[in-house]
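Take a look at the structure set out below.
Here, each number is a calculation from the coordinates, and none is a lab measurement. In this text, all values refer to a predicted model and were calculated from it rather than measured experimentally. Every residue, glycine as well, gets a Cβ built from its backbone with ideal geometry; the counts of neighbours run over all protein chains shown.
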Amino acid sequence: MSILIKDGEIVTGSSRYVADIYCEGETITRIDKNIEPPAGCEVIDATGKFVFPGFIDPHTHIYLPFMGTFAKETYDTGTKAALIGGTTTIFDMCVPGRDMDPAEGFALWQEQARGKAACDYTFHMGVTKFDATSDSQLREIVAAGVQSFKIFLAYKGAFGIDDSELFQTLTLARELGVVTTAHCENETLVVEMQKRLLAAGVTGPEGHHASRPPRVEAEGVHHLMTFAELTGAPVYIVHLSCREALEEALRARQRGVQVWVETLIQYLLIDKTYAELPDFEGAKYVMSPPLRDKSNQEVLWNGLRQGLINTVGTDHAPFDFEKQKPMGRDNFTLIPNGIPALEDRINLLYTYGVKTGKIDLTTLVNIASTNAAKIFGLYPRKGTIQPGSDADLVIYDPEHRSKLSARSQSMNVDYSGFEGWPIEGRPSVVTVRGEIAVRDGKFVGTEGRGQFLKRPTTAA
Ligand code: DUC
Ligand code: ZN
Ligand code: ZN
């Protein structure tokens, strides 16, 4: 099978130019002007369109037992939605509870994904406890191609680790050349603030952000930075939401801590007033860290433009509004955390980032594809367009117009956090390793074809 994409404007993290791309089998084999199609080759006219490298979401939760329920997606539904939105690789969080050993957890997540994912995938391996068994099993998981860990400084009793476990995890990560991704919120402060608010009679969704103010996140980042500095481990802050937390990361970077920063599309575009909507509507907007005051959005966009923030993910964690969010109707601490966005990330970044002049096209590619590939060991197989790279391509039609809606989305959840938002542009064709997976907003690929991507460590 070969595909020739003609006359599109190729956009990578460092260049923009018009040329043809020829893909043979699963790989890009040639980029040139006026390539003649061999017999049997599918030719796609990309005139007037952008051709991006397949987008990478560095942070999703497809299979997620959490807060007494499960995130709604399966690897089948979630990866199809990802592809329709232009995302061809996901980093899913493998997060076993503290009652499970890492090897059991890794096997369980692999089992969930294998033969079901339509796009390529890998995991950040959750370290939710640390003991002698964890140490030896984590070494095996890293050797199997998972070169990143995930830790939580929040979610006391569920995923959260204590300081001794944190120190040991980062020491192992340093030894193995593994990047540790971290949810940074001080869990003790969260619990105490929650108690205080509940005692004062605050039970609705608006209590969520009040219980986790920016300083709680900044304290989590500061804590991680101290441990990263003393262990020498490279770290990646997931879902950074506010100025105070960014300042802590930048201070540490100046001291020489190797730290990357991820923000989320939700924090860039929606603010805490959404979580204050009446009639429990605000529960749709409960996630952690919480949505912030609008003034933080400019800080985050500036950070992306200046390269201070490296990636934009989704933390996709879908819970139905009808049946799951009401678990916390009388107590905001029980509302399952998450705002779905896997399908919408690129269209939102293009419409509200590129079209408004906040970021340019090459920045879009860097923050939504190339940087994640580089940080987490997939580059240049993924994250760029060059001969030898996987033929993961997004032919993007900037003229298409639509509106986001729960009715039309493919994500397996009963609401959209962006209901009615106008969108400019969409992926008109998406390929994964040389196979056309999406045409005009519909999945047309092969179910279950997604591959687990082995990533070697930098120490290997
Ligand atoms: N935050 C969320 O909002 N959902 C899933 C996990 C997390 O850290
Ligand atoms: Zn998190
Ligand atoms: Zn997450």
(request) Can you tell me the 0 to 90 degree angle between the C-alpha axis of helix 187-199 and the longest principal axis of the chain, rounded to 10? (result) 60 degrees
(message) What are the ³J(HN,Hα) couplings of segment 93-101, residue after residue, when phi is run through the Karplus curve with 6.51, -1.76, 1.60 and θ = phi - 60°? Round to Hz, x for glycine and proline.
(response) 8, 8, 10, x, x, 5, 8, 10, 6
(message) Need one word for segment 166-323: rounded, prolate or oblate. Basis is the Cα gyration tensor (sqrt eigenvalues a ≥ b ≥ c); a/c below 1.5 gives rounded, then a/b vs b/c decides.
(response) prolate
(request) Starting at the first residue of segment 109-122, write each ³J(HN,Hα) from the Karplus equation 6.51 cos²θ - 1.76 cosθ + 1.60 with θ = phi - 60°, in whole Hz, x for Gly and Pro. (result) 5, 4, 4, 5, 8, 4, x, 10, 5, 8, 10, 6, 8, 8
(request) Would you grab the residues whose amide H sits under 5 Å from the one on ALA154? Only those 5+ places off in sequence or on another chain, please, with H modelled 1.01 Å from N. (result) GLU185
(message) Amide H of HIS400 versus every other amide H placed in the peptide plane: which residues, excluding those fewer than 5 positions away on the same chain, fall under 5 Å?
(response) GLY425, ARG426
(message) Rounding to the nearest 10 and keeping the result within 0 to 90°, find how far the Cα-based axis of helix 75-84 lies from the longest principal axis of the chain.
(response) 60 degrees
(message) If you fit an axis through the alpha-carbon atoms of helix 132-143 and take the longest principal axis of the Cα set of the chain, what angle between them do you get, 0 to 90°, nearest 10?
(response) 10 degrees
(message) Give the residue list of trypsin sites (Lys or Arg not before Pro) in segment 383-460 that are DSSP loop and have at most 15 other beta-carbon atoms within 10 angstrom.
(response) ARG407, LYS454
(message) With θ taken as phi - 60° and the coefficients 6.51, -1.76 and 1.60, list the Karplus ³J(HN,Hα) couplings across segment 372-383 in order, rounded to whole Hz; mark glycine and proline as x.
(response) 5, 4, 6, 5, 10, x, 10, 7, x, 4, 10, x
(request) Could you tell me which of PRO318, PRO290, THR362 has its Cα farthest along the dipole of segment 255-381 towards the positive end, charges placed at Cβ (Lys, Arg +1; Asp, Glu -1), taken about the Cα centre? (result) THR362
(message) Loop-only GluC sites (Glu not before Pro) in segment 382-435, please: DSSP not H, G, I, E or B, and at most 13 other Cβ atoms within 10 Å.
(response) GLU419
(request) Whole Å is fine, so just give me how far the alpha carbon centre of segment 22-77 lies from that of segment 402-460. (result) 8 Å
(message) Per 0.36 nm of contour for each residue apart, how much would the distance between GLU104 and ARG449 grow if the chain were fully extended, relative to their Cα-Cα spacing?
(response) 121.8 nm
(request) Relative to the compact-globule scaling 2.2 N^0.38 Å, provide the ratio for the alpha-carbon radius of gyration of the chain. (result) 0.93
(request) List the trypsin sites (Lys or Arg not before Pro) within segment 78-156 that fall in a DSSP loop (any state other than H, G, I, E or B) and whose Cβ has at most 15 other Cβ atoms within 10 Å. (result) ARG98, ARG114, LYS156
